[in-house]
Amino acid sequence: MQILITAGPTREYIDDVRYLSNASSGKMGYALADAACAAGCEVILISGPVHLPVPKCVEYVAVETTVEMRDACLKHFPHCDGVIAAAAVSDYKPAQRVTGKMSKTGGPITINMIETDDVLAELGCRKSDQWIIGFALEAENARENALQKLRAKNCDFIVLNAPSAIGADDNNVELLGPDGAMQGSWQGPKREVAEQLIDWLKQTFAS
């Protein structure tokens, strides 16, 4: 089985030195990549900027912006059986990037923002007989919002976790199907959660 895994944050630059991003550490995505390799899968890991060692067993693709992640995913997805989209992709970017470095003006500034490309939704539109597992980090109406994301992005399953997972070594997740039924629930160190998710995946999508 060949799996595409996305991990880490993306960055959207305001000028040549400042950017918007999020606090994703990439730990969950990297744990999934490591666990999938250990389970005998071929793994392509597409990662935003993180401070983690790259698993030796993966084909590694480093990206920075959302556009770069989108392009890398579209390049590799057709050759994979499925994707686990664990990356925390930036939702917005400045409408215009300033060349050079913005100087202080002594007063407030306004930055016009536009939505970034929806990488997961585009993969959902392009899938053939492939499967897609998304991640949803939700604080309120968690299951409802996760299921809305699953359906809007044409995922087969979605992993629901909470904001407390950001940067943490542990995670507490629920795996939901399109009908809202819980397929699994795991908690503990992210590597152990990853192993259980990969084990479920191999049993579910075994050819």
In segment 168-196, what count of residues is obtained for those that are closer than 18 Å to residue 34 by Cβ and surrounded by fewer than 20 Cβ atoms within 10 Å (Cβ to Cβ)? 9
If I ask for residues that are over 14 Å from residue 69 (Cα atoms) and of a type in the set (Val, Ile, Thr), which ones from segment 1-49 would you list? 3, 14, 17, 43
Could you tell me which of the residues 70, 18 is charged (D, E, K, R), in contact (Cβ under 8 Å) with a residue 12 or more places away in the chain and buried (at least 19 other Cβ atoms within 10 Å of the Cβ)? 70
Can residue 169 be described as under 19 Å from the mean Cα position of the chain (by Cα) and under 20 Å from residue 88 (Cβ atoms)? yes
Mind counting the residues in segment 127-167 that are among the acidic types (Asp, Glu) and surrounded by 14 or more Cβ atoms within 10 Å (Cβ to Cβ)? 2
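What are the residues in segment 75-108 that are closer than 22 Å to residue 130 by Cα and either surrounded by 15 or more Cβ atoms within 10 Å (Cβ to Cβ) or touching an Asp or Glu at 6+ places or on another chain (Cβ under 7 Å) (or both), if any?
Scanning segment 75-108 gives 76, 77, 80, 81, 82, 83, 84, 85, 86, 87, 88, 89.
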Could you give every pair whose Cβ atoms fall below 9 Å, whose first residue belongs to segment 43-62 and is surrounded by fewer than 17 Cβ atoms within 10 Å (Cβ to Cβ), and whose second residue is among the polar types (S, T, N, Q) and outside any strand (DSSP E or B), counting only separations of at least 6 or pairs across chains? 49/10; 49/21; 51/25; 52/25
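Taken together, the values in this text are just the output of simple stated rules run on the coordinates, not laboratory data. Fair warning: this is a prediction, and the values are worked out from it, not measured in the lab. Neighbour counts are summed over all protein chains in view; Cβ atoms, including those assigned to glycine, are modelled from backbone coordinates with ideal geometry.
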